[in-house]
Amino acid sequence: MTTRELGPRTLLSHTQLTRGKGPAIYWTLLIAIVVIFTLAFIGPLYWMVTSALKTGQEVAQTPPTLFPANPDPQNYVDAWNNLTLGKLLFNTIYYAGGALLFQLVLDTAAAYALSKLRPIFGNVVLGAMLATLMIPAMVLIVPQYLTAIDLPILHISLLDSPFAIWLPAVANAFNIFLLKRFFDSVPQDLIYAGIVDGAGPLRILWSIILPISRPILGVVSIFAVTAVWKDFLWPKLVEPSPETRTISVGIYAFAGGTPQNVVIAAAVIAAIPTVIFFLIFQRSIMAGLTTGAVKE
């Protein structure tokens, strides 16, 4: 009997999993690990949702209660009205949508050029971009802010402008690397067939590369949207006006004079769009990251 007939090869042999105490130990460890990690990930979300239904006194109670004594959905209504969440959500969606559009256009073009057009010193450029991933993000805050308040050559300020968020988001070496690795897996025969048919580089990108790159484009879209949605420090620096704040900065600004249970309810509302976005496109994450990773 071959290995393929026995099943996939794992750290534990088939004999260890089927004889003696092997099955009991295996299932005990598996269930324990699943439960622990489920509680670690779901626990904070459960606490946030239930705390938004509690009174202020119950939220501050020690030890905390597992269930709200008197659930009050009015906290969500107060959060929406008092913290102007509608305006904050619109601003954040606007910034995230713009960052997504810029990244899909410019990062895709950069990755395509490095993968298929192979310019002179392309590997040097790619290596320099990947080297920036080794630099902590906090180190770049000061030079980015100085650039935003006085844009070189043009000498204009980007404060309270969406470009202050969009332009730094475009320079994403990780997304360019993901796209390039996917484009590398596209068979070169398809490119040659397009060239024979008279297609230029842009036509090949639009008609051949992009249609088969939907999984990785979905991954980049998720990363682009969530990066803008969850960011706090950079939007707080470059969008100081109440009219241009993102939802994370807006909730922070109102947190000082707002009951804690209302602030938590606002945080729940702020998290709902990203959770829905992830649930819709979760399959694209694994499909995009694994497609092309293994060559036949």
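For the chain, list the DSSP H helices whose alpha carbon atoms reach 15 Å or more along the long axis and whose average Kyte-Doolittle value is 0.5 or above? Let's see the in-between values first.
Details: long enough: 22-51 (42 Å, 1.73); 85-102 (25 Å, 1.16); 173-184 (16 Å, 0.81); 214-230 (24 Å, 1.36); 260-290 (42 Å, 1.72).
Span-like helices, by this rule, are 22-51, 85-102, 173-184, 214-230, 260-290.
Residues of the chain: accessible area per residue at 1.4 Å, in Å²? Walk me through the intermediate numbers first.
Details: 18590 Å² over 296 residues.
I get 63 Å² per residue for this part.
Suppose only helical runs count, i.e. DSSP H with n ≥ 4. What mean residue ellipticity at 222 nm does that imply for the chain under -39500 (n - 2.57) per run, divided by all residues and rounded to the nearest 500 deg cm²/dmol?
The per-residue figure over the chain is -19500 deg cm²/dmol.
Roughly speaking, to the nearest percent, how much of the chain's 1.4 Å accessible area is carbon and sulfur? Spell out each step's value before the answer.
Numbers: 13010 of 18590 Å².
That fraction is 70 percent.
Taking trypsin sites (Lys or Arg not before Pro) that fall in a DSSP loop and have at most 14 other Cβ atoms within 10 Å as cut points, what is the longest piece of the chain between them?
Looking at the chain, 22-294 is the longest stretch - no exposed trypsin sites (Lys or Arg not before Pro) with at most 14 other Cβ atoms within 10 Å.
Determine the dipole magnitude for the chain: charges of +1 sit on the beta-carbon of Lys and Arg, -1 on that of Asp and Glu, nothing else is charged, the reference point is the Cα centre, and the result goes in debye to the nearest 20.
It works out to roughly 900 debye.
Across the chain, how many lysine pairs, 8 or more positions apart or on different chains, have C-alpha atoms separated by under 28 Å? Please give the number.
So the count of such lysine pairs works out to 8.
Against the 2.2 N^0.38 Å scaling, with N counting residues, where does the range 80-290 land? I'd like the Cα-based Rg ratio to two decimal places.
1.17
Do me a favour and compute the ellipsoid semi-axes for the range 103-210 from its Cα gyration tensor, root of five times each eigenvalue, largest one first, whole Å.
On the way: eigenvalues 214, 52, 25 Å².
Listed largest to smallest, the semi-axes of the range 103-210 are 33, 16, 11 Å.
What is the distance in Å between the Cα centres of the range 132-174 and the range 64-105?
About 26 Å separates the Cα centre of the range 132-174 from the one of the range 64-105.
The values are calculated or read from the model by the stated rules, or taken from the named source; none is laboratory data. Bear in mind that the values here come from a model prediction, so they are computed numbers and not experimental data. Ideal geometry is used to build each Cβ from the backbone, glycine not excepted, and the neighbour counts take in all protein chains shown. Only protein heavy atoms, including side chains, enter the accessible area calculation; ligands, DNA and RNA are left aside. Shrake-Rupley method; radii C 1.70, N 1.55, O 1.52, S 1.80 Å.
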